[in-house]
Amino acid sequence: MKKVVLSLALVAMMFVSCKEANENAEAAADQVEATATEAVDAVEETATEAADAVEAAATEAADSAAAAVEGAADAAKEAVEEAAH
């Protein structure tokens, strides 16, 4: 009878231990999921900021190039007019 009781106690202890391990695994999985979600959000935000910065720099460069072309055209026009007189 002692062996049966000890065997049942051992089985119960293993069951409780496995149940606790399962709960710990689920908590760890939830933490990993939350961390991954935070990482994805941070990467998306950084990528958006980088894209906005590149777009702003490209627009500024295009505006500067257009102003330089206009300046060169005005200078050429003035030079032609001056040479004609």
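Open to solvent by less than 60 Å² (accessible area, probe 1.4 Å), out of contact with any helix residue (DSSP H, G or I) (no Cβ under 6 Å at 6 or more places or on another chain) and in a helix (DSSP H, G or I) - does that describe any residue in the stretch 39-46? Yes, because at least one residue in the stretch 39-46 is open to solvent by less than 60 Å² (accessible area, probe 1.4 Å), out of contact with any helix residue (DSSP H, G or I) (no Cβ under 6 Å at 6 or more places or on another chain) and in a helix (DSSP H, G or I). In the stretch 48-56 there is at least one residue matching the filter, namely being surrounded by 10 or more Cβ atoms within 10 Å (Cβ to Cβ), of a type in the set (Val, Ile, Thr), free of Cβ contacts under 8 Å to residues at least 60 places away in the same chain and out of contact with any Ser or Thr (no Cβ under 6 Å at 6 or more places or on another chain).
The values are calculated or read from the model by the stated rules, or taken from the named source; none is laboratory data. It should be emphasised that the depicted structure is a prediction, and the values quoted were computed from it without experimental measurement. All Cβ positions, even for glycine, are placed from backbone atoms using ideal geometry, and neighbour counts span all protein chains on display. Heads up: the accessible areas ignore ligands, DNA and RNA and are worked out on the full protein's heavy atoms, side chains in. Shrake-Rupley method; radii C 1.70, N 1.55, O 1.52, S 1.80 Å.
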